[in-house]
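Colleague: There's a structure below that I have some questions on.
A short reminder: the numbers here are calculations on the coordinates, not readings from a lab. Just so we're clear, the structure is a prediction, and the values are computed from it rather than from any experiment. Using ideal geometry, Cβ is built from the backbone for each residue, glycine included, and neighbour counts are taken over all protein chains shown.
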Amino acid sequence: MTAPDAAPSTYPHEPEQPVAGPGYQPRTLVLLGAGHAHVQVLAALAAHPLVSVNIVLVAPYPRQMYSGMVPGFVAGHYTLDDCTIPLEPLVRRAGVRWLQRSVKALDARTQTVQLDDGSTLHYDWLSVNTGPTQNRELLDRAMPGVREHGLFLRPIEAFAALWPKVSALGDTRPLRMAVIGGGAGGIELAFAVRHRLPNASVTLVSGSTPPGANYPAKVQERLLAALKKHRITVLQDTAIGITAGEVRLACGAGLACDVPLIATGAQPPLWLAASGLALDAQGFLAVDACQRSTSHAQVFAAGDVCTRMDRSLARSGVYAVRAGPALAHNLAAATAGQPLKPHRPPQTTLNLLSCGERYAIATWGHFSAQGRWVWWLKNWIDRRFLARYKTGA
């Protein structure tokens, strides 16, 4: 996770209210998704309403789960309520219309969004912050059987509903658990599983690179030592298929497994491909320094749906404290016809990786540290972030 900077407090001056003549129709801003950045946008709208703009939020779930605390939920440190931000109070304070639906299609040419109930929503401005997805069809082609046998980390709502059943089963007998994915999410998940199910066998399948390969060498050493200490087996190999009771590896071996947890990286949502918006080579939405689509000036985006540069901080919900205020400013500026401001991600960020128990590893550039005090720092930052939006502060 990344630690926040102070959120900007300045927003564009509100334009004078236009006179509503015959046939006047307010323009519409659609917020697609209730990701962490849009949570910040809703809070900003409550404090600084936009004039003569209809605002519609499209989000399927009644709450936003804070991704930074999900490993703590898996480990048993937090309840589900501890990790979630209810949307209804935020929506009410912001004065926006909320459609509890999912997106089926987006057409940038006609400026319309098709929802899962078949209805169509027109927008004058669009902001996309739908959060990370795991493309089951794509993953099943690379790893046949994963769709049928894998427990996916995304969407988090579905995972959160299923994990208590897995942990309850693990209380009755030792389970063979495999976490597939060697990034920060997979590493934290493996530690959390080990803490919650001490009698299980836990294996981390990290792919072709060692766990935490994008971290400095010293941090990788700390991670490997912690994984060994917690009796987590690391296999630097690629999962190429899953059957009932087994994960097949590229080396030709089979890993006995009762529950394969799929913690691979995020993929772009399926509806982006045919949207007509400019995409990067991986299929994510291409944005400029102002979080605006490089092909359609009325479209903005933040988080895991964007180009990799913008997603570099998106794993943590505290990312919203950096990107959210910038996005809120630029949406207000765009609707008022005022200049936008570039969003500049910091060059160095504080990353905190939880290790299952109340223990964590911190990294700041090439500096790293570990200990219980790091976990308590992470806990304080996470709870403070949620409290801000649960209380409306």
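Colleague: For the stretch 47-176, what relative contact order do you get, as a whole percent, if you take Cα pairs closer than 8 Å and at least 6 residues apart?
Modeller: Answer for the stretch 47-176 is 19 percent.
Colleague: Which of 132, 198, 269 ends up with the largest GNM mean-square fluctuation for the chain, with Cα atoms connected below 10 Å?
Modeller: Result for the chain, Cα springs under 10 Å: 198 fluctuates most.
Colleague: Quick one: in the stretch 95-185, what % of C-alpha pairs are over 15 Å apart?
Modeller: Of all Cα-Cα pairs in the stretch 95-185, 74 percent lie more than 15 Å apart.
Colleague: Which three semi-axes in whole Å describe the equivalent ellipsoid of the stretch 164-218, each the square root of 5 times a Cα gyration tensor eigenvalue, listed largest first?
Modeller: Values for the stretch 164-218, descending: 25, 10, 8 Å.
Colleague: Taking only the alpha-carbon atoms of the stretch 162-276, what semi-axes of the equivalent ellipsoid follow from 5 times the gyration tensor eigenvalues under a square root, in whole Å, largest first?
Modeller: Equivalent ellipsoid of the stretch 162-276: 23, 20, 15 Å, largest first.
Colleague: Please give the calculated 222 nm ellipticity per residue for the chain, where each DSSP H segment of at least 4 residues contributes -39500 (n - 2.57) and the sum is spread over every residue; nearest 500 deg cm²/dmol?
Modeller: Values: 11 runs with 121 residues, N = 393.
Result for the chain, helices only: -9500 deg cm²/dmol.
Colleague: While we're on this one: Note down the Stokes-Einstein diffusion coefficient of the stretch 217-272 in µm²/s, whole number, using a Kirkwood radius over alpha carbon pairs, 20 °C, and 1.002 mPa s.
Modeller: Stokes-Einstein gives a translational diffusion coefficient of 155 µm²/s.
Colleague: Moving to a separate point now. Please identify the DSSP H helices in the chain that span no less than 15 Å along the helix axis (Cα) and have a mean Kyte-Doolittle hydropathy of 0.0 or more.
Modeller: Within the chain the helices that satisfy the rule are 36-47, 156-172, 184-196, 319-336.
Colleague: Mind ranking 187-193, 352-358 by how tightly packed they are, going by the mean number of other C-beta atoms within 10 angstrom, highest first?
Modeller: 187-193, 352-358
Colleague: Taking θ as phi - 60°, what are the ³J(HN,Hα) couplings along the stretch 231-247 by the Karplus curve (6.51, -1.76, 1.60), each to the nearest whole Hz, with x for Gly and Pro?
Modeller: 6, 9, 6, 10, 10, 7, 8, 10, 6, 10, x, 9, 10, 5, x, 7, 10
Colleague: Given the peptides 201-207, 331-337, 101-107, arrange them by the average over their residues of other C-beta atoms within 10 Å, most packed first.
Modeller: Working: 201-207: 23.3, 331-337: 19.6, 101-107: 17.9.
The densest-packed peptide leads the list: 201-207, 331-337, 101-107.
Colleague: Over the Cα atoms of the stretch 218-368, what radius of gyration and what Dmax do you get, in Å?
Modeller: Expressed in Å, the Cα Rg and Dmax of the stretch 218-368 come to 20.1, 60.
Colleague: Out of residues 5 or more away from residue 55 or on other chains, whose amide H comes under 5 Å of its own, with H placed 1.01 Å from N in the peptide plane?
Modeller: For residue 55, the qualifying residues are 29, 97.
Colleague: Could you tell me what fraction of 2.2 N^0.38 Å the Cα radius of gyration of the chain comes to, as a two-decimal ratio?
Modeller: Expressed relative to 2.2 N^0.38 Å, the Cα Rg reads 1.01.
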